[in-house]
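Before any comments, here is the structure.
The values are calculated or read from the model by the stated rules, or taken from the named source; none is laboratory data. Keep in mind that this is a model prediction, so the values were computed, not measured. So basically every Cβ, Gly included, is an ideal-geometry build from the backbone, and we count neighbours across all protein chains shown.
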Amino acid sequence: MLDALGSYDNALVIGSLSKGFSCFGGFIGCPREFKQLLKIRSSTFIFGGPVPPPYLDAICTVCDILTSREYDEIHGRLTRNLNRLTDGAANLGLVVLGGLTPIISIMVGDEEATLRAGHFLFEEGYYVQSVTFPAVPYHAGVLRIQVNANHLPEQIDGLIDALNRLKLHFELPEANKFEMKLAG
């Protein structure tokens, strides 16, 4: 792959620990000259202290899990849970975005409706993120749901039932109409 890219001498790699490790922190990898330029030209917001010890411990735990003998079993449970949720939401006719990672989004649309839908699910006993503009395009609010390997099948089924009840209280985009709109 290095041959295809040539040299990393002019590469700038930026990453976050928040998605991959579900914790606080990020990094920039770059050539020494660019590092000096960043130090001179960047605002103070780019700099921070070291990763706090609890987060560092979380990163180490994630690395331990990834290299453990149990990883295949844990990953299998995660995949089954993710498929159960995405299939269940899709069978309800909801617009499901994502599904390749354990974070999926259910399309709602309007900002106020997205916030109210998230509150509805919270009242039903399910905490999901209501994501609105500017994190997503205007009037393209979503409910962001994160699945993990420790969720029980009955918990996922309960969320699917709550999503079905949500449809009774909110006008949500329908998958078949949404796909036609994208195609047209």
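Summary of values
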item: Any chance THR79 is surrounded by 14 or more Cβ atoms within 10 Å (Cβ to Cβ), assigned by TED's automatic domain parsing to the domain that holds GLY141 and polar (S, T, N, Q); result: no
item: Answer residue from region 98-125, given it is assigned to a loop (DSSP other than H, G, I, E, B) and in contact with a strand residue (DSSP E or B) (Cβ under 8 Å, 6 or more places away or on another chain) and is farthest from ASP72 (Cα to Cα) among those; result: ASP110
item: Filtered residues of region 72-89 (kept if over 11 Å from ASN148 (Cα atoms) and either at pLDDT below 95 or among the polar types (S, T, N, Q) (or both)); result: ASN83, THR86
item: Condition broken by VAL128, with the remaining ones in (1) under 15 Å from ARG165 (Cβ atoms); (2) out of contact with any helix residue (DSSP H, G or I) (no Cβ under 8 Å at 6 or more places or on another chain) satisfied; result: (2)
item: PHE170 vs. criteria among the aromatic types (Phe, Trp, Tyr) and modelled with pLDDT under 95; result: yes
item: Criterion: over 26 Å from SER18 (Cα atoms) and out of contact with any His (no Cβ under 7 Å at 6 or more places or on another chain) - qualifying residue of ALA89, ALA113, ALA117; result: ALA113
item: Count - residues of region 71-97 that are in a helix (DSSP H, G or I) and among the hydrophobic types (A, V, I, L, M, F, W, C); result: 6
item: Residues within region 100-123 that are of a type in the set (Val, Ile, Thr) and touching a Pro at 6+ places or on another chain (Cβ under 8 Å), tallied; result: 1
item: Single match in LEU172, LEU159, LEU100 (criterion: surrounded by 17 or more Cβ atoms within 10 Å (Cβ to Cβ) and either under 30 Å from ILE65 (Cα atoms) or small (Gly, Ala, Ser) (or both)); result: LEU159
